[in-house]
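Accompanying notes for the structure given below.
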Amino acid sequence: MKIGILQTGQSPEVLRGTLGDYPDLFERLLAGQGFDFATWHVEAMEFPASVHDADGWLITGSRHGVYEDHAFIPPLEQFIRDALGAQVPVVGICFGHQIMAQALGGTVAKFSGGWAVGAQDYDFGGESLTLNAWHQDQVMTPPKGAQVLASNDFCAYAALGYGTHGLSVQAHPEFEDDFVQGLIDTRGRGVVPDPLLQAAEAQQGGARHSDRIAAQITRHFKTHARKPAPSEAS
């Protein structure tokens, strides 16, 4: 099964040699599930020719805001609408979560409550899962008909479902603690308040439930990928 990664940003250059770029993190998160991966760097205006160039699509995180004026954002929004309209499964993480909401009629903005950095607890339908996060922007109003799958006191719309084929999560299941530390060192200091960075560092080494989200993403892709018609089967 081919998963197309739509890369909307890059990890800090100093981290790429040791920890990898965003597509590498997702390939590690979903390793061993029978997926083949291909990446399109949509931030650089490299887009698939068709929503059927992969069996499912995964949209990465990014430093950009979805409400900012970047050339890749309008065509990415259209691609999301086209893929879901064609019943091709789409998964969005962080920026991907936000741009799916915006593309489908929701609103995204900087949250007046500030940043979420490092380990955060989320209520997934009565089950508490701990995931790493790194964001200030949030979905403020979900699209009409979206199903709220997870939330906490800081982030009301922490995971959303769109019919059968759309799934998005605000947190970063692909971020291990060493990557969060790398972001603290390269992008956090002087931008994120020091007490939040210190709290994130103090929580490192604790339990994370990234494997639960990886399993949810895997089920989403495998359950909802288009099945070939009898005439297409070999």
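The values are calculated or read from the model by the stated rules, or taken from the named source; none is laboratory data. From a predicted model like this one, the values you see are computed outputs, not experimental measurements. All Cβ positions, glycine included, derive from the backbone under ideal geometry; neighbour counts span all protein chains shown.
Among residues belonging to the range 166-183 that are among the hydrophobic types (A, V, I, L, M, F, W, C) and either part of a loop (DSSP other than H, G, I, E, B) or touching a Gly at 6+ places or on another chain (Cβ under 8 Å) (or both), point out the one that is farthest from Thr60 (Cα to Cα).
Val180
Restricting to the range 60-116, and then to whatever is aliphatic (A, V, I, L, M) and more than 26 Å from Thr218 (Cβ to Cβ), can you tell me which residue is surrounded by the fewest Cβ atoms within 10 Å (Cβ to Cβ)? Spell out how you get there, then give the answer.
Step one: list which residues in the range 60-116 are aliphatic (A, V, I, L, M), which gives 66, 71, 73, 76, 80, 83-84, 86, 88, 90-91, 93, 99-101, 103-104, 108-109, 116.
Still in the running and more than 26 Å from Thr218 (Cβ to Cβ): 71, 73, 108-109.
Working: Ala71: 10, Ile73: 21, Val108: 21, Ala109: 15.
So the residue we want is Ala71.
Out of the residues in the range 12-62 meeting the condition of being in a loop (DSSP other than H, G, I, E, B), at pLDDT below 95 and not hydroxyl-bearing (Ser, Thr, Tyr), tell me which one is farthest from Gln170 (Cα to Cα).
Gly17
Within the set of pairs 6+ apart or on separate chains, which have a first residue in the range 111-136 that is basic (Lys, Arg), a second that is part of a strand (DSSP E or B), and C-beta atoms under 9 Å apart?
none
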